[in-house]
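A.B. asks: Got a structure for you, questions after.
The values are calculated or read from the model by the stated rules, or taken from the named source; none is laboratory data. Bear in mind that the values here come from a model prediction, so they are computed numbers and not experimental data. Methodologically, a virtual Cβ is constructed for each residue, glycine included, from the backbone with ideal geometry; neighbour enumeration extends over all protein chains shown.
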Amino acid sequence: MAATLLDGSALLETVKDDLRARIERLAERGITPGLGTILVGDDPPSHAYVRLKREDSAEVGVRSVHTELPATVSQQELHAVINRYNRDPEVDAYIVQVPLPEHLDAEAALLAIDPAKDADGLHPVNLGRLVMGVADAPRPCTPLGIQALLVMYKVPIEGQHVVIIGRGLTLGRPLAVLLSLKEANANATVTMCHTGTHFLPAYTKEADIIVAAAGRPSILTPDMVRPGAAVVGGGATMRGRTVVPDVDESCAEVAGWITPRLGGVGPTTRAMLLRQTVETAERRATGERRATPGGTR
């Protein structure tokens, strides 16, 4: 039996449909959600990604605020734009697109973002809120997108064994926290593996859900997958002009669910970026500017 495709593009369209109705309700109160993007330099993938984000915004009625800076910009000049976005009432949430040119300090730029306007959910304050289980604060978009994709296709999560291959800040580590939280669509048992894990198949063969996000081509092969497991490809490597995923495509022969080579996790990240922008605008509409920390048990 062929594996069910976890179609991220379909999720993106579903989220857009939901957001259109929410944006209309905000418009009745005189509020238009605003998503800001700050782009530095001439990196082609970054330009393409930001273009898609702006197109998504236009489709659903989110105001797009965009600033492009030359690759020669100074740290001080970049921070001046960040501070302007922090103060701009028409920008509910925004991102500083990475990678930045080598002479710029990306960590310092991230720290300069107002946590309440952190569309990517990667500011240390928001990562801390994720660990605490705060529900009404921005969360990392790619982990959120993977969770939403599993939910959309009715992949069981609660009580299941999730193996994540990769410990990156944008995906592996926050996804491990997210799926282990004691809340809906989570509460899983999570094992985090990485490129230094000895005998990786011993872990993946026991998994109900595998997320490969190590940035190593074909790190996950069919012999490492338990029949019927869900397989999510969250990493890829460029070889010339070819994108080589972490998940070998032949894993579809044994998996129960699997993301496609193209249109898997990427669109879900964009969907969550839009959703978190609208959620921030909704908090603005009710006067709830910042999240209140809470606990977990």
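A.B. asks: When you scan the range 130-148, do you find a residue that is farther than 30 Å from residue 220 by Cα, in contact with a Phe, Trp or Tyr (Cβ under 7 Å, 6 or more places away or on another chain) and in contact (Cβ under 8 Å) with a residue 40 or more places away in the chain, even just one?
C.D. replies: Checked the range 130-148: no residue is farther than 30 Å from residue 220 by Cα, in contact with a Phe, Trp or Tyr (Cβ under 7 Å, 6 or more places away or on another chain) and in contact (Cβ under 8 Å) with a residue 40 or more places away in the chain.
A.B. asks: Let me ask you something else. Just a yes or no: is a residue in the range 67-87 outside the structural domain of residue 262 (by TED's automatic domain parsing), without any contact (Cβ under 8 Å) to a residue 60 or more places away in the chain, hydroxyl-bearing (Ser, Thr, Tyr) and within 28 Å of residue 234 (Cα to Cα)?
C.D. replies: No: zero hits.
A.B. asks: While we're here: For residue 255, all conditions in the list (1) surrounded by fewer than 22 Cβ atoms within 10 Å (Cβ to Cβ); (2) touching a residue at least 60 places away in the same chain (Cβ under 8 Å); (3) more than 17 Å from the chain's Cα centre (by Cα); (4) in a loop (DSSP other than H, G, I, E, B) hold save one; what is the number of the exception?
C.D. replies: Among (1) surrounded by fewer than 22 Cβ atoms within 10 Å (Cβ to Cβ); (2) touching a residue at least 60 places away in the same chain (Cβ under 8 Å); (3) more than 17 Å from the chain's Cα centre (by Cα); (4) in a loop (DSSP other than H, G, I, E, B), residue 255 violates only (1).
A.B. asks: Has the range 1-22 got any residue that is of a type in the set (Lys, Arg), out of contact with any Cys (no Cβ under 7 Å at 6 or more places or on another chain), closer than 29 Å to residue 232 by Cα and not assigned by TED's automatic domain parsing to the domain that holds residue 72? Talk me through it step by step, then tell me what you get.
C.D. replies: The initial filter retains those residues of the range 1-22 that are of a type in the set (Lys, Arg), namely 16, 20, 22.
Still in the running and out of contact with any Cys (no Cβ under 7 Å at 6 or more places or on another chain): 16, 20, 22.
Cutting the leftovers down to closer than 29 Å to residue 232 by Cα gives us 16, 20.
When the remaining residues are screened for being not assigned by TED's automatic domain parsing to the domain that holds residue 72, the result is 16, 20.
Among the residues of the range 1-22, at least one is of a type in the set (Lys, Arg), out of contact with any Cys (no Cβ under 7 Å at 6 or more places or on another chain), closer than 29 Å to residue 232 by Cα and not assigned by TED's automatic domain parsing to the domain that holds residue 72, which makes the answer yes.
A.B. asks: Tell me, which residue of the range 57-82 that is over 25 Å from the mean Cα position of the chain (by Cα), of a type outside the set (Asp, Glu) and outside any loop (DSSP other than H, G, I, E, B) is nearest to residue 93 (Cα to Cα)?
C.D. replies: Residue satisfying both the conditions and the ranking: 80.
A.B. asks: Can you tell me how many residues in the range 198-219 are within 26 Å of residue 154 (Cα to Cα), in a loop (DSSP other than H, G, I, E, B) and touching a residue at least 40 places away in the same chain (Cβ under 8 Å)?
C.D. replies: Looking only at that region, the number is 6.
A.B. asks: I've got another one for you. Please tell me if residue 60 is touching a Lys or Arg at 6+ places or on another chain (Cβ under 8 Å) and touching a residue at least 24 places away in the same chain (Cβ under 8 Å).
C.D. replies: Taking the combined requirement at face value, the residue satisfies it.
A.B. asks: Then there is this: Go through (1) part of a loop (DSSP other than H, G, I, E, B); (2) in contact (Cβ under 8 Å) with a residue 12 or more places away in the chain; (3) of a type outside the set (Gly, Ala, Ser) for residue 111 and report which single condition fails.
C.D. replies: (1)
A.B. asks: Within the group 243, 247, which residue is of a type in the set (Val, Ile, Thr), over 18 Å from residue 160 (Cα atoms) and crowded, with 24+ Cβ neighbours inside 10 Å? Can you show your working first?
C.D. replies: Working: 243 fails: crowded, with 24+ Cβ neighbours inside 10 Å.
Of the residues listed, the single one that is of a type in the set (Val, Ile, Thr), over 18 Å from residue 160 (Cα atoms) and crowded, with 24+ Cβ neighbours inside 10 Å is 247.
A.B. asks: Another question about this same structure. (1) assigned to a helix (DSSP H, G or I); (2) buried (at least 19 other Cβ atoms within 10 Å of the Cβ); (3) of a type outside the set (A, V, I, L, M): which one isn't true of residue 24, the others all being true?
C.D. replies: (2)
A.B. asks: Please work out if residue 91 is assigned to a helix (DSSP H, G or I), β-branched (Val, Ile, Thr) and either more than 16 Å from residue 273 (Cβ to Cβ) or modelled with pLDDT of 95 or more (or both).
C.D. replies: The answer is no for residue 91.
A.B. asks: Scan the range 220-252 for residues that are part of a strand (DSSP E or B) and of a type in the set (Lys, Arg) and report the count.
C.D. replies: 1
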